[in-house]
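**Q** Let me give you the structure first, and then I'll get to my questions.
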Amino acid sequence: MKILGLYFITDSELTKQGIMQDVKDVIEAGCRIVQYRENEKGRREMVEEAAEIASLCREKNVLFIVNNHVDVALAVNADGVHLGWQDMPAAIARKLLGKGKIIGLSTHSVEESIKAEELGVDYISIGPIFHTDTKKDAGKPVGIGLIREVKKAVKLPIVAIGGINGENLQQVLEAGADAVAMISAIVASNNVEETVKMIVGRIDDAVGER
């Protein structure tokens, strides 16, 4: 399955109805990539939650990615893992997960994106595109111009992340993002499913033929 479209990331601090209900709603509304990002929780709770989400994603043919924790991804047979540069090296993660799994890597520059491609990852994320309060260590916004630059430099699918909402979504898509990661714009809404249907429709119109 391609890294394309809406890329939903869980957030226990922001959710109004619990992450499991959020996941059910986004899948029902057409989202086909879900990332479990609950780094502040203990391993037992993480594995239990991730296993439940993984089961639902398999049932609905949705890609399930675990953030940072390769051991959790292995424990629940996730489709893959998303790493940062301070996490387990991609080469080691590949040995542990195997060739059939997906590995994503966070990047913040053209140079990092090129290095990520050389490491053999399956996709990269770029961000934060705009200012965001969702991730405390996100750093300064890199802007949509970086999406265009990276698009020219690498062939990997690009996931744009950070401060993306309904107002600036079109800019991100026009810059060349293949997938758009959204958190607060979804989980903080009063109707998650309706919000996602609108977002999925707009993204699919822009990237559906890529």
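**Q** Hey, any hits in the stretch 128-141 for a residue that's out of contact with any helix residue (DSSP H, G or I) (no Cβ under 9 Å at 6 or more places or on another chain), over 23 Å from ALA188 (Cβ atoms) and surrounded by 17 or more Cβ atoms within 10 Å (Cβ to Cβ)?
**A** Scanning the stretch 128-141 turns up no residue that is out of contact with any helix residue (DSSP H, G or I) (no Cβ under 9 Å at 6 or more places or on another chain), over 23 Å from ALA188 (Cβ atoms) and surrounded by 17 or more Cβ atoms within 10 Å (Cβ to Cβ).
**Q** Taking the stretch 80-89 as the region of interest, how many residues are surrounded by fewer than 21 Cβ atoms within 10 Å (Cβ to Cβ) and closer than 25 Å to ASP11 by Cβ? Spell out the reasoning first.
**A** Initial filter on the stretch 80-89 (surrounded by fewer than 21 Cβ atoms within 10 Å (Cβ to Cβ)): 84-89.
Remaining after also requiring closer than 25 Å to ASP11 by Cβ: 84-88.
Residues meeting the conditions: 5.
**Q** Scan ARG94, ARG58 and give me the residue that is touching a Phe, Trp or Tyr at 6+ places or on another chain (Cβ under 9 Å), modelled with pLDDT of 95 or more and among the basic types (Lys, Arg). Don't jump to the end; show me each part of the working.
**A** Details: ARG94 fails: touching a Phe, Trp or Tyr at 6+ places or on another chain (Cβ under 9 Å).
After applying the criteria, what remains is ARG58.
**Q** Has the stretch 80-103 got any residue that is closer than 13 Å to TYR7 by Cα and hydrophobic (A, V, I, L, M, F, W, C)? Before you say what the answer is, go through the steps one by one.
**A** Filtering the stretch 80-103 for residues closer than 13 Å to TYR7 by Cα gives 82.
Cutting the leftovers down to hydrophobic (A, V, I, L, M, F, W, C) gives us none.
Checking the stretch 80-103: not a single residue is closer than 13 Å to TYR7 by Cα and hydrophobic (A, V, I, L, M, F, W, C).
**Q** If you go through the stretch 15-27 one residue at a time, do you hit one that is among the polar types (S, T, N, Q) and touching a strand residue (DSSP E or B) at 6+ places or on another chain (Cβ under 7 Å)? Give the derivation first.
**A** Step one: of the stretch 15-27, the residues among the polar types (S, T, N, Q) are 15, 17, 21.
Of the ones still in play, those that are also touching a strand residue (DSSP E or B) at 6+ places or on another chain (Cβ under 7 Å) are none.
No: the stretch 15-27 contains no residue that is among the polar types (S, T, N, Q) and touching a strand residue (DSSP E or B) at 6+ places or on another chain (Cβ under 7 Å).
**Q** A follow-up question, please. Kindly indicate whether any position in the stretch 1-8 is in a helix (DSSP H, G or I) and modelled with pLDDT of 95 or more. Outline the logic, then answer.
**A** At the first step, the residues of the stretch 1-8 found to be in a helix (DSSP H, G or I) are none.
No: zero hits.
**Q** Further question on the same structure: If you scan the stretch 191-200, which residues turn out to be of a type outside the set (Ser, Thr, Tyr) and either touching a residue at least 24 places away in the same chain (Cβ under 8 Å) or crowded, with 19+ Cβ neighbours inside 10 Å (or both)? Quick ask: steps written out before the conclusion?
**A** Pass one, the stretch 191-200, residues of a type outside the set (Ser, Thr, Tyr): 191-194, 196-200.
VAL192, GLU193, GLU194, VAL196, LYS197, MET198, ILE199, VAL200, listed by residue number.
**Q** Continuing with the same structure: Of all residues in the stretch 98-116, how many are crowded, with 17+ Cβ neighbours inside 10 Å, within 18 Å of the chain's Cα centre (by Cα) and in a helix (DSSP H, G or I)? Even if it seems obvious, please write down each step before you answer.
**A** Step one: list which residues in the stretch 98-116 are crowded, with 17+ Cβ neighbours inside 10 Å, which gives 101-108, 113, 115-116.
Imposing the further condition that a residue be within 18 Å of the chain's Cα centre (by Cα) reduces the set to 101-108, 113, 116.
With in a helix (DSSP H, G or I) added as a condition, the list becomes 113, 116.
Selection size over the stretch 98-116: 2.
**Q** Could you look through the stretch 117-127, keep only residues that are buried (at least 16 other Cβ atoms within 10 Å of the Cβ) and of a type in the set (D, E, K, R), and pick out the one that is farthest from TYR7 (Cα to Cα)?
**A** Result: GLU117.
**Q** Restricting the search to the stretch 168-190, which residues are assigned to a loop (DSSP other than H, G, I, E, B) and either buried (at least 22 other Cβ atoms within 10 Å of the Cβ) or out of contact with any helix residue (DSSP H, G or I) (no Cβ under 9 Å at 6 or more places or on another chain) (or both)?
**A** If we filter the stretch 168-190 for residues that are assigned to a loop (DSSP other than H, G, I, E, B), which is where we start, we get 168, 176-178, 183, 188-190.
Listed by number, the residues that qualify are ALA177, ASP178, ILE183, ALA188, ASN190.
The values are calculated or read from the model by the stated rules, or taken from the named source; none is laboratory data. If you're wondering where the values come from, they're calculated on a predicted model, not measured in any experiment. With ideal geometry, Cβ positions are generated from the backbone for all residues, glycine too; neighbour counts draw on all protein chains shown.
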